[in-house]
Each structure stands twice: as C-alpha cells, then as structure tokens.
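What follows is a short report on a single structure.
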Amino acid sequence: MLERFLTKARTRRPQPAATAGLRNAALVVFLLAGVGAPVSANAAAPAGCAALQAKYPDLKGKTLVNAINPHTPGYEAIDPKDPNKYVGFDIDLGEEIGECLGFKLTYKAVTFAALLTTLSSGQADIVISDIYATEERAKAADFITYSKVFDGVLVAKGNPKKITGINDSMCGAAAAENTGFVEVPLVQALVAPCKAAGKPEPTLQLYENNANCIQAILAGRADTYVNDVNTVDQAVKANPDKLEKAIAVTIPYSVGIAVPKNKPAFRDAVLAALIEVQKAGIHKELLKKWDLDPNNFKEPDILSVN
C-alpha cells in the first residue's frame, strides 16, 4: 500500500549572517559535544578546486546568499552559542563548496515554503536547506542532488494510535506536517482509501517548521509527524520520554541544492565542486560529524525540468 501512495505523490536575525568565523563556531559546538573538529578547518581545499576556480573565475571573491529554513537540527539550525550564526551539515557542505569555488556564503532565513520563491526572486543565489528535489520543484529551480531520502514516522511515546507507516494505520490520525513538504500529499492520498474502508480520514495540521510540528505532538494536538528520519531521530533524542519513531520508510526522492534555472554555468560549477568535495571524502566526514546516517550519501546528479 505504501508503494501505491508514493507513486501517486511522486508527480512529487540579524541577517544576513557573515560566514567569517562560522567554521570556528561549529568547532566550538562540536568540541563541547565531544564530537570532534571540522573536517577541513586546517586542511587545503581538494586538489581539483584550483582548476575549477580557473574555469569559473567570476565566482572567486564573491559573497553569495544561501536561503535556509534554520529549524532542522543536524542540517541547518541557529547556533546555540551565537544566535547570529547557523550550524549543521548543510551549512558546512555549502561552505566547503564555496571554498572550493572561491566564494563565501551569507544566509537568509525564510520559511520552508518561501525557499524557492526567495531564490527565483533574486533575493538568494542558492538554496542548501534539506530540500527534496522533485519534478514539480524543478520547474522553479535546477537541483544538484546529493542525498538519499529516508523518512521517519514520529509519534508519542508508546505509539497510542498504533501507526505503522504511511498507510491505513493513519486513518483517523492527526498528522502535523510542514507547509510545502512532499509528505503532505502522501497523507492526503490516504483520504480516499480510508473512506472506502469505512474508516475516518486522516487530518492535516500545517506548520511553518519542524519545531512546530514536533511541538504539536508533544502538546497532544497531533498524533504523528512524517519527515526526514534524521530529523525524527533528533526529536526522539531530545525527548526520549515523550516521543518515539514508529518506523522508517524509504521515500523516492533525493535532497538537492537549488540554483536559479537561468544560471546553468553556476549549476555546473556547484556540481563540479560537490564532486571534488565527495572525492576528498569530506561529504562522508560531515555526515559522521553531524551524526547523520551514512546511507544518505549519494553521488550527485542534476534534476532540471524545462
């Protein structure tokens, strides 16, 4: 049944903050957590980066704006030691790409639903913010994909509704989801089969970020929240007596970096830099640093829709 619904959905502060010292800030956070040092804080850029800077000289010395929704711990979140900075896997990965190509990044925090409109309006140059690359979204931006997607189903401790996945066990459940996320149509696709089975349909509560969705379960307003499995695991880790992961499911998407459709040279430069970062082993080291599943790793591809 899961496959059936996935198929239906497929035709799926002060600001900006300067990046100077961001890597050192991330180092402080991780040393305090006992995790370790930044991957390339004291290392040279990957060998192929010099050639890329020569190939794409217009990027060298620039400061570009990365639009992010900084409410996904592990990926992008406000630095607990400095509210003017951001930390996470996506932050580090973006800065590694920028270092390879010779540009720096500043950040523009927006709601998730506004990420691509911020990009297309010219208010941002790039989006590296745990955004799933879908054909529908690729009508608004080109994507360089870099991560496989596994979703977790978050529920209250004890799983009182006995939810077992994105299936008829969600009939009658209240699902908290992020506005604009691909999980929204997955839940909506359950309405008809629940009705056909004589069961109450699931209801949706839409929020602007992960934190609000998780809070809806903690407050008893919602029964479940389906999102990236690492986000779900972080929520359980933070609230082990109140939350649990019912199950993990595979979602047929990839996470991608979004760039403007009218800048194919920039897209190709980011792709080439990401390949160099991966070849140097930095991508996998960042997954380890941020305690993310190494199975998320994938070699990059381009998703572009005319």
Task: Filter result for the condition that a residue is of a type outside the set (Gly, Ala, Ser) and under 25 Å from Leu206 (Cα atoms), over Lys161, Lys104 - done: Lys161
- [ ] Find the residue count for the range 136-163, including only residues that are modelled with pLDDT of 95 or more and over 21 Å from Ile68 (Cβ atoms).
- [x] 13
Open item on the list: Looking at (1) among the hydroxyl-bearing types (Ser, Thr, Tyr); (2) in a helix (DSSP H, G or I); (3) within 24 Å of Tyr56 (Cβ to Cβ), which one does Thr117 not meet, given that it meets all the others?
Closed with: (3)
Task: Single residue of the range 233-287 satisfying the filter (surrounded by 20 or more Cβ atoms within 10 Å (Cβ to Cβ) and among the hydroxyl-bearing types (Ser, Thr, Tyr)) that is farthest from Lys162 (Cα to Cα) - done: Ser254
Open item on the list: Tell me the residue from Gly220, Gly256 that is in contact with a Ser or Thr (Cβ under 9 Å, 6 or more places away or on another chain) and not charged (D, E, K, R), please.
Closed with: Gly256
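Please go through the range 97-136 and pick out each residue that is among the acidic types (Asp, Glu) and closer than 26 Å to Asp151 by Cα.
Asp130, Glu135, Glu136
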- [ ] State whether one or more residues within the range 83-98 are farther than 23 Å from Val182 by Cα, in the same structural domain as Ala265 (by TED's automatic domain parsing), touching a Ser or Thr at 6+ places or on another chain (Cβ under 7 Å) and modelled with pLDDT of 95 or more.
- [x] yes
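So which of Asp301, Asp291, Asp268 is within 19 Å of the chain's Cα centre (by Cα) and either modelled with pLDDT of 95 or more or among the hydrophobic types (A, V, I, L, M, F, W, C) (or both)?
Asp301
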Open item on the list: Against the definition (assigned to a strand (DSSP E or B) and under 26 Å from Ile166 (Cα atoms)), how does Asn295 come out, yes or no?
Closed with: no
Task: Condition met for Ala50 (surrounded by fewer than 20 Cβ atoms within 10 Å (Cβ to Cβ), over 18 Å from the mean Cα position of the chain (by Cα), under 25 Å from Lys284 (Cβ atoms) and at pLDDT 95 or above) - done: yes
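Yes or no, residue by residue, for (1) in the same structural domain as Val259 (by TED's automatic domain parsing); (2) touching a Pro at 6+ places or on another chain (Cβ under 9 Å):
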residue: Glu135; (1), (2): yes, no
residue: Asp142; (1), (2): yes, yes
residue: Ala174; (1), (2): no, yes
residue: Thr203; (1), (2): no, no
- [ ] Please find, within the range 85-102, the residue that is surrounded by the most Cβ atoms within 10 Å (Cβ to Cβ) out of those that are of a type in the set (Val, Ile, Thr) and part of a helix (DSSP H, G or I).
- [x] Ile91
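The values are calculated or read from the model by the stated rules, or taken from the named source; none is laboratory data. Keep in mind it's a predicted model, so treat the numbers as computed, not measured. Glycine also receives a Cβ, built like all others from the backbone with ideal geometry; neighbour counts cover every protein chain displayed.
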